[in-house]
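In what follows, a structure is listed as structure tokens, so that the remarks can point back to it.
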Amino acid sequence: MIFQIPWKHAAKHGWDINKDACLFRSWAIHTGRYKAGEKEPDPKTWKANFRCAMNSLPDIEEVKDQSRNKGSSAVRVYRMLPPLTKNQRKERKSKSSRDAKSKAKRKSCGDSSPDTFSDGLSSSTLPDDHSSYTPSCLERVSLSLAGS
């Protein structure tokens, strides 16, 4: 399953905290890091925390060649992977530093991922209001984080 998350930069013209940061705010509320009225809104931190949470999930990976980093239609595209078994999680932890070095070498050598997607994500348009992107997937992300 592939999904995309709006990733518009806050410095862009027309950026609105209620439309462009609602998923990140919902994540901050869900994790208890933000309570409306108690703290000043901090969308930059919300976004960073959400990005770190997504990157730490073993069963979700970013599809970088499908993500768009610039402009008003900036999005990050992610793919859900099959859940890891207990043995795979243990193996992954022990190999993590070795794998990181290996990945860095592959990237520097110019090897590309064999996975290619032609499902039209790059030509899709996003609605102006992203408020519908909230809590439905937060529970899965939270459960995945709890399991890692």
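General observations
- Residues within segment 13-35 that are in contact with a helix residue (DSSP H, G or I) (Cβ under 8 Å, 6 or more places away or on another chain), in a loop (DSSP other than H, G, I, E, B) and either of a type in the set (Lys, Arg) or open to solvent by 70 Å² or more (accessible area, probe 1.4 Å) (or both), tallied: 2
- Hits in segment 36-75 - residues which are in a loop (DSSP other than H, G, I, E, B), among the charged types (D, E, K, R) and either open to solvent by less than 30 Å² (accessible area, probe 1.4 Å) or within 20 Å of residue 17 (Cα to Cα) (or both): 38, 40, 42, 59, 70
The values are calculated or read from the model by the stated rules, or taken from the named source; none is laboratory data. Not measured: the values here are computed from a predicted model. Neighbour counts run over all protein chains shown; Cβ positions are idealised from the backbone, glycine included. Each accessible area value is taken on the protein alone, full model and side chains, heavy atoms only, with ligands, DNA and RNA left out. Shrake-Rupley method; radii C 1.70, N 1.55, O 1.52, S 1.80 Å.
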